[in-house]
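Only one structure is covered here, and it is reproduced in the block below.
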Amino acid sequence: ESVKTVLTSPENRILIKRMLIKCADISNPCRPLEQCIEWAGRISEEYFAQTDEEKRQGLPVVMPVFDRNTCSIPKSQISFIDYFITDMFDAWDAFADLPNLMQHLDNNFKYWKGLDERKLRSLRPPPE
């Protein structure tokens, strides 16, 4: 009932649409683990390439944390989840009830934390 009340206002509908677009844009940590790992690798590689190019051209490095020689992908994912994802998706979940999405978020955060606790910097643990 409260959702229907919120949707009656044109301003609220615009806000919800904007939030949907933003959430869709940064939703990788809310995907199933294998997809999350794949896309974390892709975006990290994009940022590594940007940092490499900035260094090659002698430009200021915009994202120094994404130096491929020193970056911890698990730490970058944990920070991203902590600073951007958790609060936004908690609010979205309170509005729209998204238990599967929130479970993926929890699983993925635990995965990255586990790698970080083992002092690993890569997408996956080494084969045993």
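Working ranking of peptides 20-27, 8-15, 104-111 by packing, defined as the average number of other Cβ atoms within 10 Å per residue, highest first, is 104-111, 20-27, 8-15. Sequence-distant contacts, meaning Cα pairs under 8 Å at least 6 residues apart, place the relative contact order of the chain at 31 percent. Placing unit charges on each Cβ (+1 for Lys and Arg, -1 for Asp and Glu) gives the chain a dipole about its Cα centre, and among Asn107, Ser2, Leu59 the Cα reaching farthest toward its positive end belongs to Leu59.
Accessible surface computed residue by residue for the chain, with neighbouring protein chains in place and a 1.4 Å probe, gives 67 Å² per residue. Taking R0 as 35 Å, what FRET efficiency do you get between Arg13 and Lys119 from their Cβ-Cβ distance, rounded to the nearest 0.05? Efficiency for this residue pair is about 0.15. In units of the rule-of-thumb radius 2.2 N^0.38 Å, the chain shows an alpha carbon radius of gyration of 1.27. What the Cβ-Cβ distance of Leu33 and Val61 gives, at R0 = 30 Å and to the nearest 0.05, is a FRET efficiency of 0.45. Surface composition of the chain: carbon plus sulfur atoms hold 58% of the accessible area, using a 1.4 angstrom probe and ignoring ligands, DNA and RNA.
The values are calculated or read from the model by the stated rules, or taken from the named source; none is laboratory data. Since this is a predicted model, take the numbers as computed values, not measurements. When we count neighbours, we look across all protein chains shown, and the Cβ atoms used for this are built from the backbone with ideal geometry, even at glycine. Side chains are part of the model used for accessible areas, which takes the heavy atoms of the whole protein and leaves out ligands, DNA and RNA. Shrake-Rupley method; radii C 1.70, N 1.55, O 1.52, S 1.80 Å.
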